[in-house]
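Trainee: Sharing a structure here in structure tokens format.
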Amino acid sequence: MTSRVYRLHSTLELPLEDAYDFFEDPDLPPEIADIDITRRNNTLIVSAVAKDDSMSKYTPTAQLKASVTENRVYEEDPDEMGPPGAASTGSSGGGPQWGALEEEEEEIESELVEYACFKGDRETVLQNTALQYAMFEVLCEVAKVAEKGTLTAIAAVDEELEAVRIVDGEERPAAINVAEEPRDGEEEEGVNWRDNEFIS
């Protein structure tokens, strides 16, 4: 049986430079020979190149899709206070200090950094069926180096269901819960309390 990914949700974010570094020499599953990276405007597409030569060149292999966004990164967290004994930029204590206004408005060093954001459900982040599970394994490795975000998934491996949960680069325990969802038409079989002649 081919391993498959059934449920997947990702909120992973990592600097674009780190993403390129990771895909430069990744630890690939045996089914994948190489990785192709394409950037189209604000979208990063990471495609699997199959090791199996018998796979038709017209068969689209699995790909990871990330949106590229710009975030302003501060050298020092603007919400943090300075070292002990330094003048505070907050308004704690006795009221405004008008003389210190210029000092307080000193600009904090920052730069715009591009991030690769693997965000969404399976069809958004992991596309195409050929080599899908192998590419999911690559996504799990990305999750382990991602700066922030969560990857959760349910996969079938050798006919066994597995739950995966990686939060801020760390693997966490995960469990599969089975919940019954109401099927279409179930309401019709029940009692319609609004139109019941015995209730006045």
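The values are calculated or read from the model by the stated rules, or taken from the named source; none is laboratory data. Remember, predicted model here, so these are calculated numbers, not experimental data. In this analysis, Cβ positions are derived from the backbone assuming ideal geometry, glycine residues included, and neighbour counts consider all displayed protein chains. Surface accessibility is based on the protein's heavy atoms, side chains included, excluding ligands, DNA and RNA. Shrake-Rupley method; radii C 1.70, N 1.55, O 1.52, S 1.80 Å.
Trainee: In region 36-73, how many residues are surrounded by fewer than 11 Cβ atoms within 10 Å (Cβ to Cβ) and within 20 Å of residue 146 (Cα to Cα)?
Mentor: The qualifying residues number 2.
Trainee: Now, a different point. For residue 163, are the conditions met, namely being outside any helix (DSSP H, G or I), open to solvent by 70 Å² or more (accessible area, probe 1.4 Å) and at pLDDT 75 or above?
Mentor: Against the criterion (outside any helix (DSSP H, G or I), open to solvent by 70 Å² or more (accessible area, probe 1.4 Å) and at pLDDT 75 or above), residue 163 does not qualify.
Trainee: Now for a different question. Within region 10-35, track down each residue that is open to solvent by 80 Å² or more (accessible area, probe 1.4 Å) and closer than 17 Å to residue 118 by Cβ.
Mentor: Listed by number, the residues that qualify are 17, 20, 21.
Trainee: Could you list all residues from region 166-176 that are surrounded by 12 or more Cβ atoms within 10 Å (Cβ to Cβ) and in a strand (DSSP E or B)?
Mentor: Within region 166-176, 166, 167, 171 qualify.
Trainee: Quick test for you: out of 8, 28, 12, pick the one residue that is under 14 Å from residue 139 (Cα atoms) and in a loop (DSSP other than H, G, I, E, B).
Mentor: Criteria check complete, one pass: 28.
Trainee: Hand me the list of helices (runs of 4 or more DSSP H) wholly inside region 97-150 holding 3 or more residues that are at pLDDT 90 or above and out of contact with any helix residue (DSSP H, G or I) (no Cβ under 6 Å at 6 or more places or on another chain).
Mentor: On the way: elements: 101-104, 122-125, 132-145.
Fully inside region 97-150 and qualifying: 132-145.
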